[in-house]
Amino acid sequence: MRLPFFILFLNNKRKDIKVETIEKPVLNRNKIIKGLIISLLIGITAFLLIFFLTIDENTVISIKDMEKEFLLLAAAAIFLSVFIEGLRIQVVAGAVGERIAFWESVKIFYISSFLGGITPYFSGTIPGQVFLFQQQGISIAKGILIATIRPIMKSIIFLIITPLLFFYFQDSLQEYEVLSWLLLIIAIGFSIIVILAFVLVVSNPQKVESLLIRLKDISFLSNFFQRPTIQKILEGIISQVRVLQESYHLLLNHPREIILAFFYTFLYWFCYFSVAPLLLLALEMQLDFALVIALQVLIFFLLPFLPTPGGSGAAEVGFASLFSFFVPAHLLGIYVGGWRLFTFYLNMLIGALLSLNLLKDWIVKKDDS
């Protein structure tokens, strides 16, 4: 059986790992380098634009007077969030009958974060994780479950917490009430759609199969679905959805692990969102901790919809726009840059370094494309 279309390309040079390949690689070395360059260029350009529009003599003074201990705490919060994510991966893998070493799960997170950060809509994250799980001897279907259960849990947690935070800080957000309401509605709607789609897929795969068959019968789509490549893709989807259902039911038989995975997911985002308020403290600014988290939740609900690699550019501009109501103009540029450095580029750098050895084995070179 061939890997489904969403699994990354492999070249099977390692004899100790049994790997199947796909006929047409999804990514190659040039595409990865291109994605990295685009992500960096857009992100750095957005940061420099914000920085030079807001810099003045007070900016330099604020940089010199920054509280270094809070910068260290921000870095510690990010590393702690990664370790928590490693534990979450272990727990979910164990619930579906698979074992994975802690440091391997941490590496998987870093590498898949790197792949997500260089692809539009973070589209490389889940395929990267599934492939890396397979490298550990975990089946594709179980790998898909382990990789997708995190965004599902995140959506459930955000769906519960976001409205509570929003209504609690409604007075603080009144200066851009229309935008806040729009973001809130989009965030809640997206979460509900993702959760319902996941439940439908794992609880009744027959309906998914029936829906795909109906799409094939639509006149203006029939030619597209009659293509041999598309038919193979649909067969792969249907096959993996059925096996995914079995893994999901296996997971349901471990309520303790599910609760623990939810706890780790909540703890991960708590640590991750703690970076922004810690940076404010480093800049000697006081702002309600929960309000800073509420604003970040709105941003991270929308990032997956943005076509730039890793949400670069939009993340910086969105963060600056929301926090411009609370952060003095001369601090806004360094605040946005520091936040993006800790929450995105630090993980990207480590993920890139960890990927170097793997790139030699499973990135398809241009001559082989």
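Key figures
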{"quantity": "Single residue of the range 186-218 satisfying the filter (modelled with pLDDT of 70 or more and of a type in the set (D, E, K, R)) that is nearest to LEU298 (Cα to Cα)", "calculated": "LYS207"}
{"quantity": "When residues of the range 249-286 are limited to those that are farther than 28 Å from ALA95 by Cβ and without any contact (Cβ under 8 Å) to a residue 40 or more places away in the chain, the one surrounded by the fewest Cβ atoms within 10 Å (Cβ to Cβ)", "calculated": "GLN286"}
{"quantity": "Spans of helices (runs of 4 or more DSSP H) in the range 241-346 with at least 3 residues within 18 Å of the chain's Cα centre (by Cα)", "calculated": "255-282, 289-302, 314-323"}
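Here's the yes/no breakdown for (1) modelled with pLDDT under 85; (2) of a type outside the set (S, T, N, Q); (3) over 15 Å from ALA261 (Cα atoms):
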| site | (1), (2), (3) |
| --- | --- |
| LEU80 | no, yes, yes |
| LEU87 | no, yes, no |
| GLY94 | no, yes, no |
| GLN129 | no, no, yes |
| ILE152 | yes, yes, no |
| LEU165 | yes, yes, yes |
| GLN170 | yes, no, yes |
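The values are calculated or read from the model by the stated rules, or taken from the named source; none is laboratory data. Since this is a predicted model, take the numbers as computed values, not measurements. Ideal geometry is used to build each Cβ from the backbone, glycine not excepted, and the neighbour counts take in all protein chains shown.
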